[in-house]
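The values are calculated or read from the model by the stated rules, or taken from the named source; none is laboratory data. Every value quoted in this text rests on a predicted model; they were computed, and no experiment measured them. Cβ: placed from backbone, ideal geometry, glycine included. Neighbour counts: every protein chain shown.
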Amino acid sequence: ENDIINKVSQALLDEELVILPTDTVYGLMALSTSDNAVSKLYEAKKRDRQKPTALLVDSIEAAAEYIGNSDIKKLGEKFWPGPLTIIAEAKKNIAGSPKLGVRVPDEHFLLKVLKVVDKPVMASSANIAGEIPPSEISRVSAELSAKVAIGIDKGSTEQEQASTIVEIANGEVDLKREGPITARQIEEVLNL
C-alpha cells in the first residue's frame, strides 16, 4: 500500500490529475497550490471556473489554516473526518477564490495520501459537470479517465452520495446541499 500511496502522492506533486475513492464518491483530484493542476481539473470536468471545488486536508488543524471560526470548529469536531464540506471566507488565497470549501475525508487511503503530499488537494466528483457523481470507478467516463495519471479502484464508496455542503458567512449558516449529514444534525451542533 505504501508504494501506491507514494506513487499517487508523486503524481499529485507532479501536477497530474488522479482519481481516488473518498468516503462519499470517487473524486478527481489535483494539487491546489498548482495553477496548472487546477486548470487541468476544471478543463477535464468541463466545469465553470466560477464554481468552487473542495479542498481536502488531513486534519481539523490543517483545515484551520484555510478557514476558521467557532462554528466551523464545532462542526469539524463533530463531523470530521466525514462527509461534510464547509464553505467559508478563506484565510489564505488558494485558487484565487475569496471563499473556500474544506473537508477532512473519512477514507484511510486518501488521508495517507494527503499526509504525504502535505498540501491541500483540490477535489471534485469524478464526473463531467452535470453528470452523476460515481460511487464506483467503473462509472467514471472514458473521456475523464483518459486525462488522469492514476486511478485507484477500492470498490463502492461508503456513502454513495456527495458530501453535505454548508456555507458559514457573517454568522449565518446556509445549507447548500444535503448529503449524508442532515440539516437537523448541523442545527443541533450549532444550537440553531
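Only one of the numbered conditions (1) more than 16 Å from residue 47 (Cβ to Cβ); (2) surrounded by fewer than 19 Cβ atoms within 10 Å (Cβ to Cβ); (3) more than 14 Å from the chain's Cα centre (by Cα) is violated by residue 186, and that is (2).
Restricted to region 95-129, and to residues there that are assigned to a loop (DSSP other than H, G, I, E, B) and without any contact (Cβ under 8 Å) to a residue 60 or more places away in the chain, the residue that is surrounded by the most Cβ atoms within 10 Å (Cβ to Cβ) is 104. Set side by side, the residues 149, 129, 162 differ, and just one is closer than 21 Å to residue 37 by Cα and in contact with a strand residue (DSSP E or B) (Cβ under 7 Å, 6 or more places away or on another chain), which is 149. Of all the numbered requirements in (1) buried (at least 19 other Cβ atoms within 10 Å of the Cβ); (2) within 21 Å of residue 50 (Cβ to Cβ); (3) modelled with pLDDT of 95 or more, residue 162 misses one, and that requirement is (3). Counting the residues of region 125-137 that are in contact with a helix residue (DSSP H, G or I) (Cβ under 7 Å, 6 or more places away or on another chain) and at pLDDT below 95 gives 1. Test residue 168 against the stated conditions and say whether it is farther than 21 Å from residue 45 by Cα and either outside any strand (DSSP E or B) or small (Gly, Ala, Ser) (or both). No, not satisfied.
Name the strands (runs of 3 or more DSSP E) wholly within region 1-87 that hold at least 3 residues that are in contact with a Phe, Trp or Tyr (Cβ under 9 Å, 6 or more places away or on another chain) and at pLDDT 95 or above?
18-21
May I ask you to say which residue of 56, 17 is farther than 16 Å from residue 106 by Cα, crowded, with 20+ Cβ neighbours inside 10 Å and under 14 Å from the mean Cα position of the chain (by Cα)?
Working: 56 fails: farther than 16 Å from residue 106 by Cα.
When all the criteria are applied, what remains is 17.
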